[in-house]
Structures are given as structure tokens and as C-alpha cells.
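The structure under discussion appears below in the form of C-alpha cells.
The values are calculated or read from the model by the stated rules, or taken from the named source; none is laboratory data. Keep in mind the model is a prediction, meaning the values are calculated, not measured. We place every Cβ from the backbone using ideal geometry, glycine too, and count neighbours over all the protein chains shown.
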Amino acid sequence: MKSFEDAKIEYLKDELLSKHTTYKVGGPCSYMVFPKNVDELKKIVEIIKDNKMKYMILGNGSNVIFSSKKYEGTIINLKYLKDYKIERNKLTAYSGASLPQIALFTVNNGYKGLDFAVGFPASVGGAVFMNAGCYGSEMSDVILDVTYLDENLNMHTIKNDKCKFSYRNSIFKQNKKMIIVSCTIKLTKTKEDLKQLIDERMKKRIQTQPLEKPSAGSVFKNPEGTSAGKLIEDAGLKGKQIGGAKVSEKHANFIINEENATGEDIKKLVKYVSDEVEEKYNIRLETEQEFINF
Ligand SMILES: Cc1cc2nc3c(=O)[nH]c(=O)nc-3n(C[C@H](O)[C@H](O)[C@H](O)COP(=O)(O)OP(=O)(O)OC[C@H]3O[C@@H](n4cnc5c(N)ncnc54)[C@H](O)[C@@H]3O)c2cc1C
């Protein structure tokens with residue numbers, strides 16, 4: 001049976017996941033592999049299948065919480081699949097590309113459409129997966145189509161209306177066996193000064209979000225008609241700490257890694273906050289972030 005070594009795939013053994021997540025938590029994984037192109041990605045999936053290994057895709061690690069246990073499997077890190085280009089009002093981007101970097105590139109080149117995405121640290125694939133968004137816009141508003149690799153190593157391109165996008169959800173999140181390879185995004189030429197708007201939004205983020213500490217953005221989805229942050233703040237939970245994980249004093253829907261937090265600390269705190277909010281308001285909060293390997 002072929003190994004990553006035989007296939008000349010770049011890989012690391014026992015790599016700590018805490019080095020690859022914005023929360024800075026997570027134990028080691030058996031293998032972390034770094035495909036340089038789609039052919040290598042296919043080879044990797046083949047090797048994983050031959051060896052009956054567990055696997056998952058990692059984008060920028062800004063929406064995941066790994067436990068401290070070893071992840072007995074392979075993490076496919078897409079950081080090298082990062083090319084992008086704009087042609088005739090259409091952006092094509094590979095999934096490992098940095099979404100804020102691309103968003104800024106579109107703005108600097110006089111395009112509107114992706115400007116909402118300058119302020120959060122997603123990869124393109126991770127943002128498509130969870131239909132990320134802010135300021136009233138989300139990925140599904142601008143995606144034209146998505147190209148993915150299925151488990152049988154076949155590539156497919158599906159149009160936006162087949163991606164089953166909804167609030168922080170998509171067919172890719174429901175299925176988990178589709179590896180998002182690239183997507184195309186529609187842009188509009190504009191003369192508007194979007195740079196000023198972006199600066200204002202960034203200033204607001206710095207004022208209202210605890211960006212000085214490791215986190216993964218909003219922990220909970222907003223329930224219908226209210227905001228999770230308001231419910232948590234009204235329940236008096238700002239500053240609540242379990243182990244090294246703490247509900248931010250600046251933004252109640254953020255949990256921060258205050259000091260050497262583990263995924264387990266974050267999990268306990270998430271449960272505590274959910275239980276308290278449910279008891280007080282009879283609303284069960286649902287997490288936006290994903291717990292893995294607990
Ligand atoms: C300070 C801060 C602010 C944030 N603000 C916002 C915000 O305003 N709006 C918002 O929506 N989010 C926000 N986030 C959360 C986060 O950036 C987004 O959820 C982002 O979309 C996650 O992308 P990622 O590449 O980091 O995904 P990861 O965390 O790496 O992965 C998340 C999930 O996507 C899957 N995945 C990733 N890439 C692929 C792929 N190519 N194919 C298949 N599956 C894949 C992974 O397997 C995993 O299940 C914020 C985070 C931080 C730290």
C-alpha cells in the first residue's frame with residue numbers, strides 16, 4: 001500500500017493542531033498533509049482510502065475546536081491551493097486562498113461584491129462550507145458555482161442553487177464528503193470608495209471584538225429575532241471562565257483563550273453558557289463553531 005512518503009506528498013507526523021487553529025487549541029494528529037495541486041489532493045484521498053484512515057479538511061482553522069486527544073487520522077491542509085484571478089467581473093479562487101486577502105484584492109481593483117469579507121480570517125473553502133458572512137451579506141450572495149472532489153475522486157462543478165445555502169449552512173456542511181476545491185464569485189465594477197467603508201468596519205471590529213486574544217469569532221448562531229450575544233450578556237455571563245477559556249468581556253458571543261485553554265475547557269464553557277441561557281430564556285443556543293474529536 002502506498003504511503004504519503006512514497007507518493008512524495010509533503011506531510012508532518014504528530015503535528016499539533018493547536019498550531020493551526022485560531023483558538024490555539026488541539027492535540028496532535030497522526031498526519032497532516034499539504035497537497036500542492038489537485039492531482040496531489042486526489043493521490044492523498046486515494047492513500048487515505050487504501051489505508052482506511054479517518055480524515056478531514058482544514059482551512060484556516062478559524063471555526064473549529066479540537067480536543068486535546070490525538071486525532072487518529074489525516075488532516076488535509078489546503079494552504080498551498082491558494083491561486084486566484086479575476087477575469088471579466090468573475091473571480092476564480094482555490095479553496096486554500098485567504099478570503100480576507102482576496103476580498104481586499106477585489107476592493108483594491110475597483111470591484112464590489114466581496115468587500116464584506118475583509119475582516120474575518122477564513123479560507124475560501126471554509127467560508128463556502130459554512131456560508132460565512134457579515135454586514136447583511138454572505139458567501140451565497142456572490143458565489144456563482146463551486147467545484148468539489150467527491151470520495152470517488154470525481155470532480156464536479158455545481159451552481160449556487162444546488163449548494164443548498166442557508167444561514168451558516170451548505171450542502172458541503174451537510175455531506176462532509178465533498179472537498180471544496182475552488183469556486184467562482186461574481187463581482188461588479190464600482191467607483192464607490194469601499195476602502196473607507198472597510199476601514200470603518202475594521203475600526204468597529206477592533207472596538208467591539210476581543211481580537212487581541214485567540215478565538216474563533218462568534219460561538220453561537222443568532223436565534224430567530226434576537227442576538228446570541230445579547231442573551232449571554234443579559235444572563236450575566238460576560239467574564240465567566242472555565243479553565244483557560246473565558247466569555248469575552250468585550251463581546252459576549254466570543255469565547256477567548258485567556259490562558260492555555262484546551263478544547264475541553266471551551267466545550268465545558270459552551271455547555272455552561274447554553275444551559276444558563278436556556279434556563280433563563282427558554283432558548284437553546286446552537287453553536288456556529290465545530291467540535292472535533294471529543
Ligand atoms: C476574529 C474572528 C472573527 C470572525 N468573524 C466572522 C464573521 O464575521 N462571519 C463569519 O461567518 N465567520 C466569522 N468568523 C469565523 C470563521 O472565520 C468562519 O467561520 C470561516 O468561514 C471559517 O473558515 P476556515 O477556513 O477557518 O475553516 P476551518 O475552521 O478550517 O474549517 C471549518 C469547517 O469547514 C470545513 N472545510 C474547510 N475547508 C474546506 C474545504 N475546502 N472543503 C470541504 N470542507 C472544508 C472543515 O473541514 C471544517 O469542518 C470569525 C473568526 C474569527 C477568529
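Table: residues versus (1) assigned to a strand (DSSP E or B); (2) outside the structural domain of THR22 (by TED's automatic domain parsing).
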site: SER68; (1), (2): no, no
site: LEU91; (1), (2): yes, yes
site: GLN101; (1), (2): no, yes
site: VAL107; (1), (2): no, yes
site: PHE116; (1), (2): no, yes
site: PRO121; (1), (2): no, yes
site: ALA127; (1), (2): no, yes
site: SER140; (1), (2): no, yes
site: ILE158; (1), (2): yes, yes
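Taking the range 245-264 as the range and being without any contact (Cβ under 8 Å) to a residue 40 or more places away in the chain and either in the same structural domain as VAL64 (by TED's automatic domain parsing) or buried (at least 18 other Cβ atoms within 10 Å of the Cβ) (or both) as the test, the residues that pass are ALA245, LYS246, VAL247, SER248, ALA252, ASN253. Filtered by the rule that a residue be within 13 Å of the ligand (Cβ to nearest atom) and either in a strand (DSSP E or B) or in contact with an Asp or Glu (Cβ under 7 Å, 6 or more places away or on another chain) (or both), the range 252-270 gives PHE254, ILE255, ILE256, ASN257. Hey, any hits in the range 271-286 for a residue that's within 15 Å of the ligand (Cβ to nearest atom), surrounded by 15 or more Cβ atoms within 10 Å (Cβ to Cβ), part of a loop (DSSP other than H, G, I, E, B) and at pLDDT 95 or above? No, the conditions are met nowhere in the range 271-286. Need pairs with beta-carbon distance below 6 Å; first residue closer than 20 Å to GLU138 by Cβ and in contact (Cβ under 8 Å) with a residue 40 or more places away in the chain and within the range 175-190, second within 9 Å of the ligand (Cβ to nearest atom) and aliphatic (A, V, I, L, M); sequence gap 6+ or separate chains. So the pair list comes out as ILE180/VAL128; CYS183/VAL128.
Checking GLY243, GLY229 one by one, the residue that is out of contact with any Gly (no Cβ under 7 Å at 6 or more places or on another chain), at pLDDT 95 or above and on the phi > 0 side of the Ramachandran plot is GLY243 and no other.
One residue alone among ASN152, ASN131, ASN160 is away from the ligand (no atom under 12 Å from the Cβ) and touching a helix residue (DSSP H, G or I) at 6+ places or on another chain (Cβ under 8 Å), and that residue is ASN160. Filtering MET53, MET32 for residues that are in contact (Cβ under 8 Å) with a residue 40 or more places away in the chain and either within 12 Å of the ligand (Cβ to nearest atom) or over 13 Å from the mean Cα position of the chain (by Cα) (or both) leaves a single hit, MET32.
Just one of the listed residues (ASP50, ASP39, ASP14) is charged (D, E, K, R) and under 30 Å from LYS213 (Cβ atoms), namely ASP14. Give the residues of the range 206-221 that are surrounded by 15 or more Cβ atoms within 10 Å (Cβ to Cβ) and assigned to a loop (DSSP other than H, G, I, E, B), sorted by residue number. Across the range 206-221, the qualifying residues are GLN209, PRO210, LEU211, LYS213, PRO214, SER215, ALA216, GLY217, VAL219, LYS221. Can you find a residue that is over 30 Å from VAL45 (Cα atoms), surrounded by 19 or more Cβ atoms within 10 Å (Cβ to Cβ), touching a helix residue (DSSP H, G or I) at 6+ places or on another chain (Cβ under 9 Å) and not small (Gly, Ala, Ser) anywhere in the range 222-230? The answer is no; no qualifying residue exists. In the range 171-202, the residue that is farthest from ASN37 (Cα to Cα) out of those that are touching a strand residue (DSSP E or B) at 6+ places or on another chain (Cβ under 7 Å) and among the β-branched types (Val, Ile, Thr) is THR190. Yes or no: the range 38-61 includes at least one residue that is in a loop (DSSP other than H, G, I, E, B), of a type in the set (Gly, Ala, Ser) and assigned by TED's automatic domain parsing to the domain that holds LEU16. Checking the range 38-61: at least one residue is in a loop (DSSP other than H, G, I, E, B), of a type in the set (Gly, Ala, Ser) and assigned by TED's automatic domain parsing to the domain that holds LEU16. Restricting LEU58, LEU99 to residues that are touching a Pro at 6+ places or on another chain (Cβ under 9 Å), within 15 Å of the ligand (Cβ to nearest atom), at pLDDT 95 or above and under 26 Å from LYS19 (Cα atoms) narrows the list to LEU99.
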